[in-house]
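The values are calculated or read from the model by the stated rules, or taken from the named source; none is laboratory data. Not measured: the values here are computed from a predicted model. Cβ coordinates were reconstructed from backbone atoms using ideal geometry, including for glycine residues, and neighbour counts include every protein chain displayed. What goes into the accessible areas is simple: the full protein's heavy atoms, side chains included, and nothing from ligands, DNA or RNA. Shrake-Rupley method; radii C 1.70, N 1.55, O 1.52, S 1.80 Å.
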Amino acid sequence: MSPVTCLVAPLLLLIATTSVPGQAKAADVSRIIGGEFAGPGQFPHQVSLQLKGRHHCGGSLISDTMIVTAAHCTKDQNPSQMKAIVGTNDLSAGNGQVLGLSQFIIHPQYNPQSQDFDMSLIRLSSPVPIGGAVKTIQLAEADSNYAADTMATISGFGAINQNLQLPNRLKYAQVQLWSRDYCNSQNIPGLTDRMVCAGHPSGQVSSCQGDSGGPLTVEGKLFGVVSWGFGCGAKGRPAMYTYVGALRSWIKQNANV
Ligand code: ARG
């Protein structure tokens, strides 16, 4: 089986529960993707996309009517079967706002095989009030670039260990932007100009299943969207993020942001 993991949370969870018997050891929780649990209001742009009432993917609020996420999160889905939850760091607390969705705008060049152009916009059924624990995030500029090893922040409700256990609570972590040359030299096949790769020197900090579609920010701006990887947090293995700078004008045209 291919080591590439780009499946969304519930599907992977199924595979995990059938192929990885046994309980997550306590040590796995901090070992696999690392980072920390977020406090209330710490990531006010963070979205949980729910499919039939279960966490499915992440997303980022970019205006009071638009969310950006990964194309693989909305592909073959119907907006009427999905909802967005905003304004909470704990999905089991019931204090988030549940938003209806009216439209998915998948990037027309999205390629499900290569994950090139892995971006989708989501239009909300009605505008969400901005304020308190719900805020929009600014997008990185077109073609914006940072030096290798610049620190970036990832956040998500995705899996926190190898058993792909979903925590319900929002986590975040710091990772480094790695250069295209470095990632190519690590035998990452198919890294395109619409992707950036990021990792952690220890290999023990990473995005994972269920984080897809969620934010990677640099200097408080949305620079990447969680897209794919090889397992979660293997040493020397980066994760791949859709590069917002490459798709900035498409976002502008379609979301007017
Ligand atoms: N594509 C996956 C998702 O749907 C997760 C992407 C991150 N994967 C990784 N191994 N870093 O949630």
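What the table shows:
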{"quantity": "Only one of Leu101, Leu139 that is at pLDDT 95 or above and over 19 Å from Trp250 (Cβ atoms)", "calculated": "Leu101"}
{"quantity": "Positions within the stretch 91-106 being within 12 Å of Val47 (Cα to Cα) and either of a type in the set (A, V, I, L, M, F, W, C) or open to solvent by 40 Å² or more (accessible area, probe 1.4 Å) (or both), in sequence order", "calculated": "Leu91, Gln97, Val98, Leu99"}
{"quantity": "Residue satisfying condition, being within 14 Å of the ligand (Cβ to nearest atom) and surrounded by 15 or more Cβ atoms within 10 Å (Cβ to Cβ), within set Leu164, Leu124, Leu139, Leu177", "calculated": "Leu164"}
{"quantity": "Exclusive hit being surrounded by fewer than 19 Cβ atoms within 10 Å (Cβ to Cβ), farther than 23 Å from Ile62 by Cα and of a type outside the set (Lys, Arg), set Gly203, Gly220", "calculated": "Gly203"}
{"quantity": "The stretch 219-233 - residue that is more than 9 Å from the ligand (Cβ to nearest atom) and of a type outside the set (D, E, K, R) and, of those, farthest from Cys73 (Cα to Cα)", "calculated": "Gly220"}
{"quantity": "Residue tally, condition near the ligand (Cβ under 9 Å from one of its atoms) and either hydroxyl-bearing (Ser, Thr, Tyr) or in contact with a Phe, Trp or Tyr (Cβ under 7 Å, 6 or more places away or on another chain) (or both), over the stretch 200-218", "calculated": "4"}
